[in-house]
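Student: What follows is a structure written as structure tokens; I'll ask about it next.
Please treat every number below as a calculation from the coordinates, not as lab data. Because the structure is predicted, anything quoted here is derived from the model rather than measured. With ideal geometry, Cβ positions are generated from the backbone for all residues, glycine too; neighbour counts draw on all protein chains shown.
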Amino acid sequence: MLDLAITGATVVTPDATSLADVGVTDGKIASIVAPGKLEQATKTIDARGMLLLPGAVDPHTHLDAEMFGATTADDFESGTIAAAAGGVTSIIDYAFQAPGGSLSEAISRWDDKARGRAIIDYGFHVAILDPTPATIAEIPKVVERGVSSFKIFMMRGFEERARDFLRAFKMAAESGALLTIHAEDEHLIGYCTERLLGAGNRGVAHFASSRPPLSEAAAVLRGLKMTELTGAPAYFVHLSSKAAIDEIRRARRNGSGRAVLAETRPIYLYLTQEKFLEPQGEKYVGYPPLRERADVEAIWEALADGTVDVVATDHCSWPLERKIAADRFTRIPPGMSNLETLVPMLYSEGVVKRRISLARMVELVAANPAKIFGLYPRKGAIIEGADADLVVFDPDAKVAVHAGEMHSRADYDPFEGIEVTGWPRITISRGEEIVSARKSTARAGRGMFLARSAFSSS
Ligand SMILES: [Zn+2]
């Protein structure tokens, strides 16, 4: 007897997209069979007319994080409820090393934030902010603990300590860790920012020109060379511009033996920098900034042709009041809410509009992040033996995005008013129905820590 049967859906597996019935036992996918061939189940979900997708894996979130003297609107409870409501069943959040603190201490601190609150499974990366010899020596132990990726910010203070960071890169490479890199050149940005502020241009209308595509491309190139020198696999987070994507393409063509991977973020697929000219344009501020139409098109192309491997949210939510309070563009806390719209927006704007296939969408938000971050095949695919993290997705649902109906504690949504075709109807985590008809029924704290494998490029 199965615990759960999901019948009649079009199921997206790594091999095919076809009608199938899926059986679940003990929180795992027990069988995927032709329609009507499933054994008896305690509970059955009739999913005729629906798609059945693997739960998305979002490897880039910031929940309960402090930045710019404030704490993000979402903690691990509201953030993971928003995630689950949007079809995301695993997240990897960024734990930040405190100045002078250890990497293990950062992980423990983040563990305290997540435990008892998260409703879906979660892992951590650690952001290395202080690459002392003691920090570097800790890297192999942290990888063994299941935290197999690190974040490097090529900003504020990076250049000053570039040699220390190179030592950390080398240790990461030798320990089987993946480096996730925020690539923006601090000196190019500093120069542009000083010129703008010096001329009295403080408003958000000038934000995009303070961090031009060149500053992203320059840092990507430098990050590529630094990781090539040290043999470290590199994953560039939230790429926003054609110039940066071109550097990734060139590096891949030239090859170097180590992995070069790329991520983008929803806002760069749907919005352009004209948003900064609107009243309350501060709402759309993230690092890097929104770009031009040609960049948006270049990123879609890169999603389709395989240059960009992952779409991740960089969910970092703030109340509107906090966002618009700054007296200059450098003081606007960066980031916005995105977890609930990741999958439906990509389906609506990508699959429905035929920019990418449904199978490619599933790779971008589930299979690829699971593989890259050491969670596959437990997460990221509908295959026998995997965790039963599943999304019954209604491809015909019409939903207009309204902040008031979303689960994030941010009181605005960057996609407010956009009409979306396709929305999750039921989200299942390890066999348990946790969201149904946009309502969460999950117990806070049911989410479990995901110890991840070391990086493997195969
Ligand atoms: Zn981020």
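Student: Go through 113/379; 141/371; 170/275; 43/113; 141/379 and tell me which ones have a Cα-Cα distance over 32 Å in this structure.
Tutor: Beyond 32 Å: 170/275; 43/113.
Student: By the gyration tensor of its Cα atoms, with a ≥ b ≥ c the square roots of the eigenvalues, what is the shape of the chain: rounded for a/c under 1.5, prolate for a/b over b/c, or oblate? Before the final figure, lay out the partial values.
Tutor: Numbers: a/c = 1.65, a/b = 1.38, b/c = 1.20.
Prolate, since a/c reaches 1.5 and a/b exceeds b/c.
Student: Here is a further query. Segment 1-70: which trypsin sites (Lys or Arg not before Pro) are DSSP loop and have at most 14 other beta-carbon atoms within 10 angstrom?
Tutor: Working: sites: 28, 37, 43, 48; in loops: 37, 48.
Qualifying residues, ordered by number: 37, 48.
Student: Let me ask something additional. Among the lysines, which have Cα under 16 Å from the Cα of residue 353 when same-chain residues fewer than 8 positions away are ignored?
Tutor: 398
Student: Now for a different question. Please give the net charge around residue 278, taking every other residue with its beta carbon less than 15 angstrom from that of residue 278, where Lys and Arg add +1 and Asp and Glu add -1. Write out the running numbers ahead of the final one.
Tutor: Values: positive: 275, 283, 323; negative: 274, 282, 413, 416.
So the surrounding residues net to -1.
Student: Here is a follow-up. What is the distance in Å between the Cα centres of segment 347-388 and segment 14-89?
Tutor: Here the two parts' Cα centres lie 11 Å apart.
Student: Where does the longest stretch of the chain lie that holds no GluC sites (Glu not before Pro) found in a DSSP loop with 14 or fewer other Cβ atoms within 10 Å?
Tutor: Values: sites that count: 39, 384, 416.
Longest site-free region, per DSSP loop and neighbour criteria: 40-383.
Student: Rounded to the nearest Å, what's the spacing between the alpha carbon centres of segment 247-287 and segment 169-245? Just the number, please.
Tutor: Between the Cα centre of segment 247-287 and that of segment 169-245, the gap is 11 Å.
Student: In the neighborhood of residue 44, defined by Cβ-to-Cβ distances under 13 Å, what is the net charge if each Lys or Arg adds +1 and each Asp or Glu adds -1? All intermediate terms of the calculation are to be shown ahead of the outcome.
Tutor: Details: positive: 43, 48; negative: 3, 21, 39, 46, 433.
Once positives and negatives cancel, what remains is -3.
Student: Can you classify segment 1-123 as rounded, prolate or oblate using the Cα gyration tensor, where a ≥ b ≥ c are the square roots of its eigenvalues, rounded means a/c under 1.5, and otherwise it's prolate if a/b beats b/c and oblate if not?
Tutor: Working: a/c = 3.05, a/b = 2.74, b/c = 1.11.
Because a/c hits 1.5 or more and a/b exceeds b/c, segment 1-123 counts as prolate.
Student: Classify segment 180-242 as rounded, prolate or oblate, taking a ≥ b ≥ c as the square roots of the eigenvalues of its Cα gyration tensor: rounded when a/c is under 1.5, otherwise prolate if a/b is larger than b/c and oblate if not.
Tutor: Numbers: a/c = 3.73, a/b = 2.43, b/c = 1.54.
In terms of gyration-tensor shape, prolate.
Student: If Lys and Arg each add +1 and Asp and Glu each add -1, what is the summed charge of the other residues whose beta carbon sits under 11 Å from the beta carbon of residue 386?
Tutor: Details: positive: 28, 378, 379, 430; negative: 384, 387, 389.
Value of the local net charge: +1.
Student: Considering the dipole of the chain built from charges on the beta carbon (Lys and Arg +1, Asp and Glu -1) around the Cα centre, which of 204, 342, 146 is farthest to its positive end?
Tutor: 146
Student: Quick check on the chain: of the DSSP beta bridges with both residues there, what percent are antiparallel, nearest 5%? Display every interim value, and only then the final one.
Tutor: On the way: 33 of 69 bridges.
If I count the DSSP bridges inside the chain, around 50 percent turn out antiparallel.
Student: Let me spell out the model: positive unit charges on the Cβ of Lys and Arg, negative unit charges on the Cβ of Asp and Glu, origin at the Cα centre of the chain. What dipole size does that give, in debye rounded to 20? Don't jump to the answer; show the numbers that get you there.
Tutor: Values: 52 positive and 60 negative charges, 124 e Å.
With Lys and Arg at +1 and Asp and Glu at -1, about 600 debye.
Student: Right, here's the next one. For the chain, what does the helix formula give at 222 nm: sum of -39500 (n - 2.57) over DSSP H segments with n ≥ 4, over the residue count, nearest 500 deg cm²/dmol?
Tutor: On the way: 14 runs with 133 residues, N = 458.
Taken over the chain, the calculation gives -8500 deg cm²/dmol.
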